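The values are calculated or read from the model by the stated rules, or taken from the named source; none is laboratory data. From a predicted model like this one, the values you see are computed outputs, not experimental measurements. Backbone-built Cβ (ideal geometry, glycine too); neighbour counts: all protein chains shown. These area figures cover heavy atoms from the full protein model, side chains too; ligands, DNA and RNA do not enter into them. Shrake-Rupley method; radii C 1.70, N 1.55, O 1.52, S 1.80 Å.
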Amino acid sequence: MRRKGQVLVFDADDTLWENNLLFERVIDDFLHWLEHPTLGKAEIRAILDDIEKANAVTHGYGSKMFLRSLHDCLERLRERPATAAERRHLDGLVVALVEHRVELVPEVAETLTALGDRHDLLLLTKGDPEEQQRKLDVSGLAHHFRDIHIVAEKAVDTYLWLAEKHGLTPSATWMIGNSPKSDIIPARQAGMNAVFIPNDNTWVLEQTELDPDDGGVLRLRTFSELPNHF
């Protein structure tokens, strides 16, 4: 049964629009371009994942960190600094990311319109503030949300801060996203409910197992199913 007047908090990347899909396309191009005498693509990808994980701690998220990671991976494997030609090639690979092109998830705008008639909508996304704001501007979705927060990381303290800032009642608040690590688990630890909408292209560093017996997590297949429940 649907209840009115709830607070729905939305993730952005890979929930409202495709994000990691664009990165995966670049990685595929990078792996095809980069040749190594002994390592296969899977082994190189594992090295890149480790580099990204380390760089995210120091440099945050987004296309700038990703480009840095590609450069670091190239130099580690080649055991030398990148040449000017190699740097230009890497810059060309990430053009779509740097230009902040946005591919909306199907029926996102229509779904947000329907939900906004019944509920209070907030946006909580992590990453580089300038980059995330540009993607939001290009998406045309900002007007659906009462308030928008761009944060460096989404952990339990982030959700507790959000609840305090907006005077939220956790039992009437739902975090909606594709990332078990950033959207679902910390929101549940903060006492909120959560809606998990998996994306096949979710970044490997955002993936982790969810408790299958957690009754506070609603699992949906697509974003457009939300109005059936809220």
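Below are the figures for this structure:
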quantity	calculated
Subset of the range 20-34 [in contact with a helix residue (DSSP H, G or I) (Cβ under 9 Å, 6 or more places away or on another chain) and either open to solvent by less than 20 Å² (accessible area, probe 1.4 Å) or touching a residue at least 12 places away in the same chain (Cβ under 8 Å) (or both)]	Asn20, Leu22, Phe23, Arg25, Val26, Ile27, Asp29, Phe30, Leu31, Trp33, Leu34
Candidate set from the range 133-158 (those that are of a type in the set (Asp, Glu) and within 22 Å of Val7 (Cα to Cα)); member that is modelled with the lowest pLDDT	Glu153
Any chance Arg87 is out of contact with any His (no Cβ under 8 Å at 6 or more places or on another chain) and surrounded by fewer than 17 Cβ atoms within 10 Å (Cβ to Cβ)	no
Residue within the range 195-215 that is open to solvent by 70 Å² or more (accessible area, probe 1.4 Å), small (Gly, Ala, Ser) and not in a helix (DSSP H, G or I) present	yes
Residue satisfying all of: in the range 35-59; open to solvent by 70 Å² or more (accessible area, probe 1.4 Å) and among the β-branched types (Val, Ile, Thr); nearest to Arg76 (Cα to Cα) among these	Thr38
So Leu97, is it open to solvent by less than 30 Å² (accessible area, probe 1.4 Å), under 21 Å from Phe30 (Cβ atoms) and in contact with a His (Cβ under 6 Å, 6 or more places away or on another chain)	no
Residue match in the range 121-132 (condition: assigned to a loop (DSSP other than H, G, I, E, B), open to solvent by less than 60 Å² (accessible area, probe 1.4 Å) and modelled with pLDDT under 95)	yes
